[in-house]
Amino acid sequence: MSKPIILAVDDDPPVLASVQRDLRSRYAETYRVMAAPGGPQGLSIVEELKRRGDNVALFLVDQRMPEIEGIDLLERALPFFPNAKRVLLTAYADTEAAITAINKVGLDHYLMKPWDPPEDTLYPVLDDLLSDWLASNPPSFDGIRILGQRWSPLTYELKDFLALNRIPYRFLDVERESEAVALLEALGDVELPAVTFPDGSSLSRPDRTTMAERIGMQVTAGADLYDLTIIGAGPAGLAAAVYGASEGLRTAVVERQATGGQAGTSSRIENYLGFPNGISGSDLARRAHAQARKFGAEVLTAVEATGIRVDGPMKVVELSNATEITSKAVLITSGMTVRKLNVPGYERFSGAGVYYGASVSEAAHFQDDEVFVIGGANSAGQGAMMFSRFASKVTMVVRADSLGEKMSQYLVDQIEATPNIEVLTGTQVIEVLGDDHVEQIVLKTDGQQRSVPAAGIFIFVGAVPHTAFLEGVVAMNRQGFILTGPDLTADGKRPKGWPLDRDPYLQETSVPGIFAAGDVRHGVIRRVASAVGQGSVCISFIHEYLASI
């Protein structure tokens, strides 16, 4: 396969030569660097690349050019390569135009000329953008293939696991694709769903842990003793892993599904500080995971904490794969579990047209279909916006009287401006009907019922704390949220059984050395930024605890 392309466009010959030199010096092994001496020539190259089936990873375009300015060139080039990253070269006087371009063409970054030295100013920006592009546009290869049926719940679980963990795969439907039938015959006696690998091996109906181990994820601890075990790799857990490991703590992270937690499933987070063009939850999780690994944290995936034992000063985390992790301190960042709804048909069609949350890879299977999004908070709004790119129509079913009750205004505005999204307020789902998959949804509005066709139903209706494994270990409220710090004291008295001559630290539970951060804590603000802050700050309390034992 030919290398993806970085296209630089500038009408100033010395500047263009300098750009080419710097780009080739850094990226020639992975990318083909091309250059155009002006807007018209750049547009001609774009059209030719599209005809030849090449792919553009990044545009690096000067703003002030005759005939076609940089922003106009990007606007005309994007229909050919909509996933390409976009960087504008500007002079100081052009910064206002660059900011306008963020909304007009989804500009990823703008750089002021000159950019010397490139090691400090140019390369860090482009490295980050190209890393993002590669994560979303993996090169063609003979990789993992899943053979199964579209409406099979087990097939969906496998696809969802790989998608959430950002593992490229290809799905082959044995009921629709001749290639799938031929491959199934070649494999011989296998049960569906089956997974094949580049080396020719295969697995039948693998569970998450088996799949994770087979594709190279860590599923068992690499050491006998850790300073800190973090349970949950959402924003709070990943932030704690970054700060803990970077400050010298031997750190292990245990994640039952995929790094990123609930935030990792968000198609677009547009109000997180530092990302004016927004960032997907998947990209945020990928960056944080890489950062934690960079500092030496071990991340165990597809294994679940099933309990905690306190053995003197040590804490022993019991895992679902019959192994254990021993550490001096534990941080609970296990987040939330999707709340299941007791609607007739939901359980029957789970994974066969009814889904809790949704990934982009699954959304693509509903191209030109009519789908329903259930819920009225931010996650539902983000899901609806994602599906609007694929489905012919997206209907939001909201119990409240308006979207604005629980949804951020920027999302409300986006939904109202999207023509293929319809919002039904004051409405609820009372039943789902179909044969082997969802075919109809029964809605109730103002006491009136009606049935309408539906290809898929995606539910975003909140969650409950994932803390069942802590029952009898730490103090929790009736809803299962963990009590920490001042919430543990009553009338100035420390919690029952508290053995130390000090009050619990702000994020410490009723057991010394076991801490909590993020959505599992009682009374916290449940936002990505809040979770990141809690996970980061908690490391200071953990240092204080470790210094005292």
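The values are calculated or read from the model by the stated rules, or taken from the named source; none is laboratory data. Fair warning: this is a prediction, and the values are worked out from it, not measured in the lab. Cβ: placed from backbone, ideal geometry, glycine included. Neighbour counts: every protein chain shown. These accessible areas exclude ligands, DNA and RNA; they are computed on the full protein's heavy atoms, side chains included. Shrake-Rupley method; radii C 1.70, N 1.55, O 1.52, S 1.80 Å.
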Discussion item. Residue 296 - would you say it is in a loop (DSSP other than H, G, I, E, B), within 27 Å of residue 505 (Cβ to Cβ) and either at pLDDT 95 or above or over 19 Å from the mean Cα position of the chain (by Cα) (or both)?
Written reply: yes
Item to complete: Could you look through the range 253-309, keep only residues that are open to solvent by less than 10 Å² (accessible area, probe 1.4 Å) and of a type in the set (Ser, Thr, Tyr), and pick out the one that is farthest from residue 226 (Cα to Cα)?
Response: 259
Fill in: Residues satisfying the stated conditions in the range 14-54, i.e. surrounded by fewer than 12 Cβ atoms within 10 Å (Cβ to Cβ), under 16 Å from residue 80 (Cβ atoms) and within 32 Å of the chain's Cα centre (by Cα)
53
Item to complete: Determine whether residue 332 is free of Cβ contacts under 8 Å to residues at least 40 places away in the same chain, more than 20 Å from residue 215 (Cβ to Cβ) and open to solvent by less than 50 Å² (accessible area, probe 1.4 Å).
Response: no
Worksheet item: In the range 43-57, how many are touching a residue at least 24 places away in the same chain (Cβ under 8 Å) and either closer than 17 Å to residue 115 by Cα or of a type in the set (Asp, Glu) (or both)?
Response: 2
Discussion item. Which numbered condition in (1) surrounded by fewer than 20 Cβ atoms within 10 Å (Cβ to Cβ); (2) at pLDDT 95 or above; (3) assigned to a loop (DSSP other than H, G, I, E, B); (4) of a type in the set (A, V, I, L, M, F, W, C) is the only one that residue 511 fails?
Written reply: (1)
Worksheet, complete the sentence: The correct count of residues that are over 20 Å from the mean Cα position of the chain (by Cα) and under 20 Å from residue 159 (Cα atoms) in the range 367-384 is 3
Item to complete: Restrict the check to the range 377-387 and report whether at least one residue is of a type outside the set (Lys, Arg), open to solvent by 10 Å² or more (accessible area, probe 1.4 Å), within 27 Å of residue 446 (Cα to Cα) and not in a helix (DSSP H, G or I).
Response: yes
Worksheet item: So, in the range 355-376, of the ones that are part of a helix (DSSP H, G or I) and open to solvent by less than 10 Å² (accessible area, probe 1.4 Å), which residue ends up modelled with the lowest pLDDT?
Response: 362
Discussion item. Take residue 200 and tell me if it is open to solvent by 20 Å² or more (accessible area, probe 1.4 Å), outside any helix (DSSP H, G or I) and farther than 23 Å from residue 289 by Cα.
Written reply: yes
Discussion item. Condition first: hydroxyl-bearing (Ser, Thr, Tyr) and part of a loop (DSSP other than H, G, I, E, B). Can you find one or more residues in the range 434-449 that meet it?
Written reply: no
Fill in: Every residue from the range 81-101 that is surrounded by 15 or more Cβ atoms within 10 Å (Cβ to Cβ) and modelled with pLDDT of 75 or more
81, 84, 85, 86, 87, 88, 89, 90
Response to the item:
If we keep only residues of the range 515-547 that are among the hydroxyl-bearing types (Ser, Thr, Tyr) and in contact (Cβ under 8 Å) with a residue 40 or more places away in the chain, then the residue surrounded by the fewest Cβ atoms within 10 Å (Cβ to Cβ) is 536
Practice prompt. Kindly indicate whether residue 400 is outside any strand (DSSP E or B) and either touching a strand residue (DSSP E or B) at 6+ places or on another chain (Cβ under 8 Å) or modelled with pLDDT of 90 or more (or both).
Written response: yes
